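One structure below.
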Number of protein chains: 2
Amino acid sequence: MSVTPKAEGRHHHGALRRALLDAVAEIVLERGPEAVTLRECARRAGVSHSAAAPHFGDKRGLFTAFAAEGSRRLTASMEAALAALPPGADALARLAATGRGYIAFARANPAHFRLMFRTDLLDRTDQAWRAEMQGSFAVLERAMAVLAPRAGARDMRARLALAWSAVHGFCTLRAEGAGGDLWNPDARAAETAEDMVALLVSACAPSPGEAGSA
Amino acid sequence: MSVTPKAEGRHHHGALRRALLDAVAEIVLERGPEAVTLRECARRAGVSHSAAAPHFGDKRGLFTAFAAEGSRRLTASMEAALAALPPGADALARLAATGRGYIAFARANPAHFRLMFRTDLLDRTDQAWRAEMQGSFAVLERAMAVLAPRAGARDMRARLALAWSAVHGFCTLRAEGAGGDLWNPDARAAETAEDMVALLVSACAPSPGEAGSA
DNA sequence: CTCATAAACTGACCATCGTCAAGTTTGGAA
DNA sequence: TTCCAAACTTGACGATGGTCAGTTTATGAG
């Protein structure tokens with residue numbers, strides 16, 4: 001619904017790039033990622049089927065740009081959650097906020113989320129995309145680094161894997177509609193996510209052995 | 001490489017169903033899920049382009065059958081990990097084994113794993129597929145149920161969500177090649193998975209408050 | 001205002017895809 | 001043997017993605 005078609009009679013669209021990205025999101029929501037078609041995107045934007053080429057190159061380019069936009073929003077969502085924290089929030093609270101930001105992004109942008117990790121649809125060599133992805137990843141790593149500055153590399157990896165995997169898996173299962181009625185009603189999903197992040201944070205906390213540093 | 005082409009001259013293939021499913025796996029491994037084509041599968045099986053129809057109906061039918069096979073293998077992998085446990089293994093060990101079985105499946109069958117959760121490619125009304133999925137889910141639920149028989153429904157949901165999400169997310173990120181060098185070398189991936197499951201199990205264990213019941 | 005150049009977009013082309021509606025072969029039951 | 005149902009082939013249809021030459025519009029220099 002959000003895609004802005006070209007004004008009747010005008011030759012230039014004016015914001016075709018944006019309109020095409022919106023069309024991608026729209027189609028993913030309506031009929032799934034598989035149904036996204038260059039021609040259908042063009043149709044919704046009110047332009048001919050090859051109008052996308054100058055902007056994105058080919059279909060892969062369109063998807064990659066869409067995924068890059070997703071990464072940017074993901075980073076912003078996590079950083080917003082961190083910024084909303086009270087000033088003196090500790091490391092555990094920051095980790096939890098990062099996780100909530102991740103989940104909030106996936107919930108608010110299901111189309112982006114479903115597409116951005118389908119690596120077979122993306123041009124992994126695209127520089128803009130790589131930069132955005134690394135930006136998102138850096139936020140995750142920072143959230144973990146601040147938590148356990150003295151942990152060993154291997155333990156650090158395990159905790160990062162657990163945190164990222166749990167949050168990512170939750171969003172994936174939810175976005176793909178797996179999990180059935182486990183988290184279908186929205187209210188229940190939010191509550192489950194909240195509880196899950198709490199459990200998760202306690203699991204990532206420094207184990208009793210290592211002093212509760214920084 | 002595993003797909004068996006039709007014998008020269010023969011009209012009947014004899015095992016076309018299996019050959020087509022093998023072709024799907026082969027193509028997913030080589031070029032990703034997006035590259036799977038009915039015609040390409042038929043080509044590899046050495047039959048004509050529409051030979052799949054009697055067996056699977058349409059493309060969606062082929063994918064759904066492939067996903068159902070994946071679910072069956074997933075269930076088997078988890079049950080095998082449980083069966084390999086020493087006789088007196090406790091609830092936590094059973095939970096960890098289920099998780100390891102899940103991860104082992106995804107590692108041994110990356111093509112199945114990547115396809116079976118892409119709900120937009122599947123016929124969700126297919127009865128055989130639904131039955132297999134529920135079978136897999138039942139194993140997960142059983143692993144959690146045995147762990148915290150007295151926990152509240154909400155807490156139970158959170159733990160199931162955490163366990164399933166973490167393991168699933170780990171497999172997804174790994175299968176899609178996200179996570180970069182976090183778990184790329186195989187040895188490191190195995191070790192990370194092992195550590196992660198250990199962390200995860202401790203997070204799902206009954207909290208100190210509730211007695212460590214049977 | 002006029003005009004030239006760059007960008008945006010159109011329309012037609014080809015190979016490929018999924019599906020359908022015929023035919024043809026095969027294996028097995030009667 | 002005869003015959004049928006299932007397995008497979010063939011050929012055709014509309015739709016898709018990628019490409020390219022050509023046309024229209026916007027922009028900026030004079």
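Between the label point of A:ALA153 and that of the same position in each other copy, find the distances and list them shortest first in nm, with every label point placed 7 Å from Cα along the Cα-to-C-beta direction.
From this label point to the equivalent ones elsewhere in the assembly: 4.9 nm.
Which value, in debye to the nearest 20, gives the size of the charge dipole of chain B about its Cα centre, when Lys and Arg are +1 and Asp and Glu are -1 at the Cβ? Working shown, then result.
Details: 26 positive and 23 negative charges, 110 e Å.
The calculated dipole for chain B is roughly 520 debye.
Would you mind estimating how fast segment A:103-156 diffuses translationally, via Stokes-Einstein at 4 °C and 1.567 mPa s with the Kirkwood radius over Cα pairs, in µm²/s?
The diffusion coefficient I find is 98 µm²/s.
Between A:ARG18 and A:SER50, how high is the FRET efficiency from 1/(1 + (r/R0)^6) when r is the Cβ-Cβ distance and R₀ = 25 Å? Nearest 0.05.
0.85
Compute, for segment B:1-57, the length of the dipole vector about the Cα centre, with Cβ point charges of +1 (Lys, Arg) and -1 (Asp, Glu) only. Units Debye, rounded to 20.
Charge dipole of segment B:1-57: 200 debye, to the nearest 20.
If you count only protein heavy atoms and use a 1.4 Å probe, how large is the accessible surface of B:THR119, to the nearest 10 Å²?
Here the residue's solvent-accessible area equals roughly 20 Å².
Taking only C-alpha pairs under 8 Å that are 6+ residues apart, what is the relative contact order of chain A in percent?
Over chain A, the number comes to 19 percent.
Normalised by the empirical 2.2 N^0.38 Å for globular proteins, what value does the Cα Rg of segment B:1-57 take?
Normalised Rg, Cα atoms only: 1.03.
Measure nothing fancy, just the Cα-based angle from helix B:127-145's long axis to the longest principal axis of chain B, in degrees from 0 to 90, nearest 10.
20 degrees
Taking only C-alpha pairs under 8 Å that are 6+ residues apart, what is the relative contact order of segment A:1-57 in percent?
35 percent
Which of the listed residues, A:ALA203, A:TYR102, B:THR98, is farthest toward the dipole's positive end in the protein assembly as shown, when Lys, Arg count +1 and Asp, Glu count -1 at the beta-carbon?
Going by the charge dipole, the pick is A:TYR102.
Helix B:16-31 versus the longest principal axis of chain B: what angle, 0 to 90°, nearest 10, using Cα atoms?
Relative to chain B, helix B:16-31 is tipped by roughly 70 degrees.
Can you list the distances in nanometres, one decimal and ascending, from the A:ALA131 label point to the identical position in each other copy, with the point 7 Å along Cα to Cβ?
5.4
Rounded to the nearest 500 deg cm²/dmol, what is the calculated helix-only ellipticity per residue at 222 nm for chain A, with -39500 (n - 2.57) per DSSP H run of length n ≥ 4? Mind dumping the intermediate values first?
Details: 9 runs with 139 residues, N = 214.
That comes out to -21500 deg cm²/dmol.
I'd like the orientation of helix B:91-108 relative to chain B: the angle between its Cα long axis and the longest Cα principal axis, in ° from 0 to 90, rounded to 10.
20 degrees
Using every pair of alpha-carbon atoms in segment B:58-204, split the distances into 5 Å bins beginning at 0 and state the percent of pairs per bin, rounded to integers.
2, 10, 18, 21, 19, 16, 10, 4, 1, 0
Over what distance in Å are the Cα centres of segment B:104-171 and segment A:19-35 separated?
One Cα centre to the other: 27 Å.
In nanometres, what is the gap between the two model label sites at A:GLU30 and B:ALA190, each 7 Å from Cα along Cα-to-Cβ?
In this crude spin-label approximation the distance works out to 4.9 nm.
Label-to-label distances across copies for A:PRO5, with labels 7 Å out along Cα→Cβ, in nm, shortest first?
4.9
In what order, largest first, do A:ARG124, A:ARG157 sit by accessible area if the probe radius is 1.4 Å?
A:ARG124, A:ARG157
Relative to the Cα centre, what is the charge dipole magnitude of the protein assembly as shown, using +1 at the beta carbon of each Lys and Arg, -1 at the beta carbon of each Asp and Glu, and rounding to the nearest 20 debye? Write out the running numbers ahead of the final one.
On the way: 52 positive and 46 negative charges, 153 e Å.
Approximately 740 debye in magnitude.
Considering only protein heavy atoms and a 1.4 Å probe, what is the carbon-and-sulfur percentage of the accessible area of chain B? Could you put the intermediate results ahead of the total?
On the way: 5350 of 9800 Å².
Reported share for carbon and sulfur atoms: 55 percent.
Select from A:GLY32, A:GLY101, A:GLY179 the residue whose mean-square fluctuation is largest in a Gaussian network model of chain A (Cα-Cα springs shorter than 10 Å).
The residue with the greatest mean-square fluctuation here is A:GLY179.
Using only the Cα atoms of the protein assembly as shown, what do you get for the radius of gyration and for Dmax, in Å?
22.9, 77
The values are calculated or read from the model by the stated rules, or taken from the named source; none is laboratory data. All of these numbers come straight from a predicted model, not from anything done at the bench. Glycine also receives a Cβ, built like all others from the backbone with ideal geometry; neighbour counts cover every protein chain displayed. For the accessible areas, the whole protein counts, side chains as well, though only heavy atoms, and no ligand, DNA or RNA atoms are used. Shrake-Rupley method; radii C 1.70, N 1.55, O 1.52, S 1.80 Å.
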